[in-house]
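See structure below.
The values are calculated or read from the model by the stated rules, or taken from the named source; none is laboratory data. Every value quoted in this text rests on a predicted model; they were computed, and no experiment measured them. For neighbour counting, all protein chains shown are included, and Cβ atoms are generated from backbone atoms with ideal geometry for every residue, glycine included.
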Amino acid sequence: MKHAVIQTGNKQFIVKKGDVIDIELTGNDKSISFEALLVTEGKDTKVGAPFVKDAKVKAKILDEIRQDKVTSIRYKAKKRVNKKRGHRQRQQRVEITSIG
C-alpha cells in the first residue's frame, strides 16, 4: 500500500488512499491536491528535496467543520481583573482519493 507525507497549514500528515483528515481551510474548491514530501510503497521509498518529483496527492473536500472551543482566562485576585476569551478554529475534512 502506498503512503505519502504531505504538508498543509504548516503541519505534516502521513496519509494513504481512503484516509480522512482534518486540515486548515484551503478554499471553496471541491477537490485539492498536495505535493508529497515522501512516498513509500513496500520497500521502495522516494524522498523529496523538498518535494518528490511527479508525485501528487489528490483529495476531495467532504465538509467544513469547527474544532472544540478553546477558552483562555485571565484573573488577578483582589484586583477586579478577569477576562474570558473563546475561540473555535474552522477546518476542512478531506478524504484522500489518490497518491500518484
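Structure summary
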{"item": "Which numbered condition residue 69 misses (of (1) out of contact with any Gly (no Cβ under 7 Å at 6 or more places or on another chain); (2) at pLDDT 95 or above)", "result": "(1)"}
{"item": "Every pair of residues 6+ apart whose Cβ atoms lie under 8 Å, when the first sits in segment 9-33 and is without any contact (Cβ under 8 Å) to a residue 40 or more places away in the chain and β-branched (Val, Ile, Thr) while the second is surrounded by 14 or more Cβ atoms within 10 Å (Cβ to Cβ) and part of a strand (DSSP E or B)", "result": "14/3; 14/4; 14/5"}
{"item": "Options 52, 15, 57, 81: the member that is touching a Phe, Trp or Tyr at 6+ places or on another chain (Cβ under 6 Å) and among the hydrophobic types (A, V, I, L, M, F, W, C)", "result": "57"}
{"item": "Residue pairs meeting the criteria (Cβ under 9 Å; at least 6 apart or on separate chains; first over 27 Å from residue 4 (Cβ atoms), in segment 56-83; second β-branched (Val, Ile, Thr))", "result": "74/81; 75/81; 82/73; 83/73"}
{"item": "Residue that is assigned to a strand (DSSP E or B) and more than 18 Å from the chain's Cα centre (by Cα), where the choices are 45, 97", "result": "45"}
{"item": "Count - residues of segment 51-86 that are surrounded by 10 or more Cβ atoms within 10 Å (Cβ to Cβ), of a type outside the set (Lys, Arg) and not in a loop (DSSP other than H, G, I, E, B)", "result": "9"}
{"item": "Residue 60 vs. criteria in contact with a Ser or Thr (Cβ under 9 Å, 6 or more places away or on another chain) and farther than 22 Å from residue 99 by Cβ", "result": "no"}
{"item": "Subset tally (residues that are closer than 22 Å to residue 91 by Cβ and assigned to a strand (DSSP E or B)) for segment 22-42", "result": "10"}
